Amino acid sequence: MTEAPVAPAPLEPLPEDWQRALAVVAHPDDMEYGSAAAVARWTRQGKQIAYCLLTNGEAGIDGLAPEEAGPLREAEERASAAIVGVDVVDFLGLPDGVLEYGVGLRRELSRAIRRRRPEIVLTINFHGTFDGAVMLNQADHIATGRALLDAVRDAGNRWVFQELLAEGLEPWAGVRQVWAAGSPYARHGVDVTEAFALGVESLRAHEAYLTGLGPKAPDVDEFLEGMARPAGTRLGARYGVAYEVFHFDLM
C-alpha cells in the first residue's frame with residue numbers, strides 16, 4: 001500500500017518590524033527569480049532596501065561578449081530594481097562565474113554592509129542544490145552566501161579588516177538576520193499576493209538576458225507562479241516567498 005505524501009510544514013511569517021535591508025546576490029536577475037516580489041511588498045510599506053550585486057553578469061549571455069553584456073545587464077538590473085521600489089543598486093565589479101569564497105570576498109561584503117548598515121540582509125539559496133537533492137546550484141551563489149554569513153560578523157568587528165576604518169566605515173553589528181530566498185530548508189515566508197505582479201514585471205525587465213537564454217528561457221509567469229504558489233499555500237495565502245533564516249540576534 002502506497003503511503004500518502006506528507007504535506008510540507010506551514011511557513012512561519014517573517015517579522016516586519018525593521019526599516020533597512022540590504023540584498024546581496026552574485027548576478028543581475030538573482031533577486032528577480034522570486035524574491036523581488038517580497039522586496040516590492042516591503043518597499044510599499046516604506047522600508048528602505050538597497051541592492052548589492054557582486055558581478056555585472058558579463059558572462060551570462062552566450063551570444064554577447066562580456067564587454068557588451070555587462071553594461072547591458074547592469075542597465076536591466078537597475079530598471080528591474082526600480083520596478084519594485086529600489087533606487088540604490090551597487091555593483092562591486094567582481095568577475096562573473098569565478099567568485100571564490102575567501103578573505104577577499106568577505107572584505108568586499110563587509111565593506112558593503114558597513115556602508116549600508118542594514119538590519120536585515122537578503123540573499124538567495126546558497127546550498128549545494130536548489131531542491132535539497134539533485135538540482136545543482138551555481139558556484140557563484142554558493143560562494144556568495146558562504147562569504148556573506150561570515151561578512152556579517154566581520155562587519156561588526158572593529159579589528160577585522162581594519163583598513164575599512166581608514167575608509168571611514170565604522171563597524172556595524174546591527175544585522176539581526178540573513179534571509180535566503182528559495183532555500184530547500186526554508187521554514188519562514190512572506191505573503192506576496194499583492195506584490196506578485198510587480199515581481200513578474202521585474203523579471204521581464206531582464207529582456208536581453210531572457211532572450212539570450214533562447215529555448216532554455218522559462219515562461220516568466222509560469223516559472224514564478226510555480227515557486228510562489230507552494231510557498232503561498234504554506235502561508236495560507238495565494239502567493240508567497242519562502243526564506244531560510246540565519247540568526248545573528250540570539251546572543
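The values are calculated or read from the model by the stated rules, or taken from the named source; none is laboratory data. The shown structure was predicted, so the numbers you read here are calculated from the model rather than taken from an experiment. Reconstructed Cβ throughout: ideal geometry from the backbone, glycine too, with neighbour counts over all protein chains shown.
Here Leu198, Leu250 are screened, and the one residue that is among the hydrophobic types (A, V, I, L, M, F, W, C) and either assigned to a strand (DSSP E or B) or at pLDDT 95 or above (or both) is Leu198.
Scan the stretch 79-99 and tell me whether some residue there is aromatic (Phe, Trp, Tyr), closer than 27 Å to Asp249 by Cβ and crowded, with 18+ Cβ neighbours inside 10 Å.
Scanning the stretch 79-99 turns up no residue that is aromatic (Phe, Trp, Tyr), closer than 27 Å to Asp249 by Cβ and crowded, with 18+ Cβ neighbours inside 10 Å.
Taking residues in the stretch 160-179 that are closer than 20 Å to Gly102 by Cα, and partners anywhere that are part of a strand (DSSP E or B), the pairs with Cβ atoms closer than 6 Å and at least 6 places apart or on different chains are Val178/Val121; Val178/Phe246. Residues in the stretch 48-84 that are closer than 24 Å to Thr193 by Cβ and touching a Phe, Trp or Tyr at 6+ places or on another chain (Cβ under 8 Å): Ile49, Ala81. Here the stretch 181-218 is the region considered, the condition is being without any contact (Cβ under 8 Å) to a residue 12 or more places away in the chain and closer than 24 Å to Ala133 by Cα, and the residue that is farthest from the chain's Cα centre (by Cα) is Lys216.
Here Glu58 fulfils each of the conditions (1) touching a Ser or Thr at 6+ places or on another chain (Cβ under 7 Å); (2) in a loop (DSSP other than H, G, I, E, B); (3) within 16 Å of Asp30 (Cα to Cα) apart from (1).
Residues in the stretch 87-131 that are touching an Asp or Glu at 6+ places or on another chain (Cβ under 6 Å) and part of a loop (DSSP other than H, G, I, E, B): Leu92, Asp96, Leu99. Only one of the listed residues (Ala38, Ala50) is assigned to a helix (DSSP H, G or I), small (Gly, Ala, Ser) and either within 16 Å of the chain's Cα centre (by Cα) or closer than 19 Å to Pro118 by Cβ (or both). That residue is Ala38.
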